[in-house]
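Input: a single structure, listed below in structure tokens.
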């Protein structure tokens, strides 16, 4: 029996999505891109899931779009010029997902795999992770925010170094440049991600979704427009906040602070 190209496991409100083409270094074939879209569409409908962890099977997170398919004209995802391009791009299902996605970067994340990684909300990297943008070397341009988001995350000069050379950067360098949240040993990668997911799940789900949306919407705006968006959103939200709910949560926050201090 043929192995599925994507695996989805759910436990304790956490869904783990694994790209499952290890022999091909999880290269993004047309089949896998479609499977990613289907998986996230299904998870979006499942309100029991509060956090998603995205990772890769084997030694790679993803080596990027399957170049064998691309060269044969089979995988049109990176080259299609029609109007529905953005609606069909490999990272769109992640960008449209309304709950946090933790990227567990277990190995190389190259070009399309890099795009998939930065579409996540939080990145935890294994010491074996490496990142590269080889769009220029392959002869295609990115279409999933890589040319714009990377420079905003790590700075325009560092982004140009990565994208115009096609060189790899290590997990440690990615951490130093602010690309990933932290770097851990390979056997600590999934436990660290699950621990972080559980921390997120201790917050009210509706607030996590609203805050994620506020951050993402503001990120695409000029700073002043982002501040205006925050004020407008907060004014609308505060109308529904009940003092007794805040009072009830305050003690829980204080208790959590005492435990973390210890």
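Among the candidates 214, 231, which residue alone is exposed (fewer than 11 other Cβ atoms within 10 Å of the Cβ), part of a helix (DSSP H, G or I), at pLDDT 95 or above and outside the structural domain of residue 57 (by TED's automatic domain parsing)? Please lay out each step first, then the result.
Details: 214 fails: exposed (fewer than 11 other Cβ atoms within 10 Å of the Cβ).
Sole residue among the options that is exposed (fewer than 11 other Cβ atoms within 10 Å of the Cβ), part of a helix (DSSP H, G or I), at pLDDT 95 or above and outside the structural domain of residue 57 (by TED's automatic domain parsing): 231.
So in segment 183-194, with the set limited to residues that are exposed (fewer than 12 other Cβ atoms within 10 Å of the Cβ) and part of a helix (DSSP H, G or I), which one is farthest from the chain's Cα centre (by Cα)?
At the first step, the residues of segment 183-194 found to be exposed (fewer than 12 other Cβ atoms within 10 Å of the Cβ) are 185, 187, 191.
Retained after the next criterion (residues that are part of a helix (DSSP H, G or I)): 187, 191.
On the way: 187: 20, 191: 17 Å.
Going through the qualifying residues, I end up with 187.
Looking only at segment 30-50, decide whether some residue is at pLDDT 95 or above, under 25 Å from residue 125 (Cα atoms) and over 17 Å from the mean Cα position of the chain (by Cα).
No: zero hits.
For segment 160-182, give me the residue count where each residue is part of a helix (DSSP H, G or I) and over 18 Å from the mean Cα position of the chain (by Cα).
Applying the first criterion (part of a helix (DSSP H, G or I)) to segment 160-182 yields 160-165, 171-176.
With over 18 Å from the mean Cα position of the chain (by Cα) added as a condition, the list becomes 160-165, 172-173, 176.
Counting residues in segment 160-182 that are part of a helix (DSSP H, G or I) and over 18 Å from the mean Cα position of the chain (by Cα) gives 9.
I'm trying to understand the selection: among the residues of segment 17-38, which are without any contact (Cβ under 8 Å) to a residue 40 or more places away in the chain and outside any loop (DSSP other than H, G, I, E, B)? Before you say what the answer is, go through the steps one by one.
Taking segment 17-38 first, the residues without any contact (Cβ under 8 Å) to a residue 40 or more places away in the chain are 17-18, 20-23, 31-32, 34-35, 38.
Passing the criteria: 17, 18, 22, 23, 31, 32, 34, 35, 38.
The values are calculated or read from the model by the stated rules, or taken from the named source; none is laboratory data. Here the structure is a predicted model, which is why all the values come from computation and not from measurement. As a convention, Cβ positions derive from the backbone with ideal geometry for all residues, glycine included, and neighbour counts pool all protein chains shown.
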